[in-house]
1. Could you give me the residue pairs with C-beta distances under 6 Å whose first residue belongs to region 80-94 and is closer than 16 Å to Tyr277 by Cα, whose second residue is surrounded by fewer than 18 Cβ atoms within 10 Å (Cβ to Cβ) wherever it lies, and which are 6+ apart or on separate chains?
2. Residues of region 38-85 being small (Gly, Ala, Ser), open to solvent by less than 50 Å² (accessible area, probe 1.4 Å) and not in a helix (DSSP H, G or I), which ones?
3. Identify, from the list Ser268, Ser186, the residue that is modelled with pLDDT of 90 or more, closer than 30 Å to Ser138 by Cβ and small (Gly, Ala, Ser).
4. Determine if region 86-101 includes at least one residue that is within 30 Å of Met217 (Cα to Cα) and surrounded by 15 or more Cβ atoms within 10 Å (Cβ to Cβ).
5. If Leu237 satisfies every condition in (1) over 23 Å from the mean Cα position of the chain (by Cα); (2) surrounded by fewer than 18 Cβ atoms within 10 Å (Cβ to Cβ); (3) aliphatic (A, V, I, L, M) but one, which is the exception?
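The values are calculated or read from the model by the stated rules, or taken from the named source; none is laboratory data. Just so we're clear, the structure is a prediction, and the values are computed from it rather than from any experiment. Here Cβ is always computed from backbone atoms with ideal geometry, including for glycine, and neighbour counts include all displayed protein chains. All accessible areas refer to the heavy atoms of the entire protein, side chains included, with ligands and DNA or RNA removed. Shrake-Rupley method; radii C 1.70, N 1.55, O 1.52, S 1.80 Å.
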Amino acid sequence: MAELSANPAGGSRDGLLGRFSDTLWRRPRLLILLLLTPPALWLGVIYLGSLFALLAQSFFSIDEFSGVIVYEFTLRTYRELLVPAHFDIILRTFIMATAVTIAAAIVAFPIAYYAARYARGRWKALFYLGVMLPLWSSYLVKVYSWKLILAREGILNWLFETLHLSWILNVYLSLPIVGGNSLSVSATGTFLVFLYVWLPFMILPIQAALERVPHSMLEASGDLGAAPAQTFRHVVLPLALPGVVAGSIFTFSLTLGDYIIPQIVGTSRRFIGQAVYAYQGTAGNIPLAAAFTVVPIVIMAAYLWLAKRKGAFDAL
């Protein structure tokens with residue numbers, strides 16, 4: 001009893017650990033500072049430090065004769081990005097990322113709308129399982145599986161032959177830009193694999209945004225005489241747009257920086273990720289690789305600025 005009365009509830013506790021605990025309890029800002037300092041140091045030193053080091057490398061150049069990096073400030077490396085061969089890589093990657101993002105939004109919207117409006121109980125659990133299940137499997141396994149599916153001896157080609165529609169596939173593969181010897185070595189194959197791999201990152205933000213749309217607004221739109229198409233265009237789509245933009249942040253940025261999918265499925269035409277890997281590893285031209293890395297950073301910075309204005313971060 002004497003010990004309990006000597007240390008009443010709310011009083012300071014004996015010992016260094018007790019006094020430290022009391023200090024944190026009285027000063028919550030100090031507690032927050034201590035909790036945030038380790039991850040902030042990790043982010044600042046490891047991530048931002050390496051990023052700034054990479055950006056600094058982009059302002060150097062490489063001596064074409066000796067292959068040695070010249071540590072003098074110059075914009076020569078950035079001018080090399082405007083060479084037709086390099087600019088073609090940037091343009092190809094940007095077009096692919098845009099196409100994948102638009103296609104993912106078109107495919108994901110009806111799936112997300114059904115999950116948000118109609119799926120209940122077990123069906124909603126099945127929806128989440130179906131969307132998340134591909135994310136649990138190995139990235140490389142999925143890519144190589146699609147390479148087998150799209151190959152000339154794959155199941156997709158067999159399906160066209162079974163339906164006597166091989167001539168349609170052959171005509172499509174004969175097209176100059178999107179075609180190739182088979183779908184597994186064509187730009188279309190790269191597009192399909194990108195779309196499959198990144199689709200869950202588009203479905204979930206759209207589904208979250210659609211669940212925030214009050215059902216009463218849809219009923220009010222119908223009561224005012226709006227057709228379903230008008231309700232979708234003027235009510236559902238504007239309210240779901242932040243979710244679409246939020247999902248596009250993932251699909252667009254992941255497509256911009258990926259180099260594994262174009263390396264395994266597709267043509268020999270390079271994307272930005274492949275160019276960075278080749279110039280940094282094989283060619284040893286680190287300044288040019290760093291300059292290529294800056295391109296998606298600049299594109300995504302502009303894209304995130306637009307996404308913030310659309311309120312996309314509210315749907316993340």
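1. Hits for this filter: zero, empty list.
2. Of region 38-85, the ones small (Gly, Ala, Ser) are 40, 44, 49-50, 53, 56, 58, 61, 66-67, 85.
Remaining after also requiring open to solvent by less than 50 Å² (accessible area, probe 1.4 Å): 44, 49, 56, 58, 61, 67.
Ser58, Ser61, Gly67 - these are the residues of region 38-85 that are small (Gly, Ala, Ser), open to solvent by less than 50 Å² (accessible area, probe 1.4 Å) and not in a helix (DSSP H, G or I).
3. On the way: Ser268 fails: modelled with pLDDT of 90 or more.
None of the other options fit; the residue is Ser186.
4. Narrowing region 86-101 to residues within 30 Å of Met217 (Cα to Cα): 101.
Going one step further and asking which of them are surrounded by 15 or more Cβ atoms within 10 Å (Cβ to Cβ), we end up with 101.
Checked region 86-101: at least one residue is within 30 Å of Met217 (Cα to Cα) and surrounded by 15 or more Cβ atoms within 10 Å (Cβ to Cβ).
5. For Leu237, the failing item is (1).
For every residue, the table says whether it meets (1) open to solvent by less than 70 Å² (accessible area, probe 1.4 Å); (2) under 17 Å from the mean Cα position of the chain (by Cα); (3) under 21 Å from Ala56 (Cα atoms).
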{"position": "Leu224", "(1), (2), (3)": "no, no, no"}
{"position": "Arg233", "(1), (2), (3)": "no, no, no"}
{"position": "Val265", "(1), (2), (3)": "yes, no, no"}
{"position": "Tyr279", "(1), (2), (3)": "yes, no, yes"}
{"position": "Val294", "(1), (2), (3)": "yes, yes, yes"}
{"position": "Val298", "(1), (2), (3)": "no, yes, yes"}
{"position": "Trp305", "(1), (2), (3)": "no, yes, no"}
